[in-house]
Structures are given as structure tokens and as C-alpha cells.
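Structure record follows, encoded as C-alpha cells.
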């Protein structure tokens with residue numbers, strides 16, 4: 001099923017599992033991510049760990065240098081439409 005460029009608003013996906021899904025350039029904003037996991041890792045823990053490395057997630061201030069590799073965090077400046085400073 002191709003849902004490319006679809007927009008979802010006010011949808012309850014609690015307890016859902018996604019597998020073999022292309023999430024390239026997907027943006028998640030204003031969502032409750034309590035208990036959400038990516039490859040078994042809690043997203044809230046990823047964001048907390050990322051915040052400890054210099055990103056002020058609450059105010060969405062992007063870092064200028066991001067880690068690379070399979071566990072690299074996304075550039076939240078790009079996600080929220082801010083340019084790196």
C-alpha cells in the first residue's frame with residue numbers, strides 16, 4: 001500500500017506495530033510518544049540521551065554536529081524547520 005505524502009491527524013495508533021515500513025522523511029509532531037519504541041529502544045530515552053549531548057529538545061534548539069551511524073539521532077532542527085546555527 002502506498003500512502004506516500006499522506007497526512008494523519010487525530011488518529012489513535014496505540015498498541016500498533018509497524019514493520020517493513022518506509023519512514024523516510026516522516027515528521028512526527030505534537031504526538032504522545034509515551035512507550036513508543038524504535039528497534040526496541042524507548043523514544044523518550046533516546047530523546048533524553050540526545051538532550052544530554054547538547055540538544056535542548058524542549059526549546060527545539062538544534063545542535064550543529066550530530067552523530068552518524070545506525071543509531072544516530074535525527075537533526076531536529078530539520079524536523080522542526082530550523083536551520084543549523
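The values are calculated or read from the model by the stated rules, or taken from the named source; none is laboratory data. These numbers were taken from a predicted model, which means no experiment stands behind them. Glycine gets a Cβ as well: all are built from the backbone with ideal geometry, and neighbour counts include every protein chain shown.
Some points to look at:
- Leading residue by the ranking (nearest to residue 1 (Cα to Cα)) among those in segment 28-44 that are exposed (fewer than 10 other Cβ atoms within 10 Å of the Cβ) and in contact with a helix residue (DSSP H, G or I) (Cβ under 9 Å, 6 or more places away or on another chain): 29
- Residue within segment 7-21 that is part of a loop (DSSP other than H, G, I, E, B), loosely packed, with under 11 Cβ neighbours inside 10 Å and at pLDDT below 90 present: no
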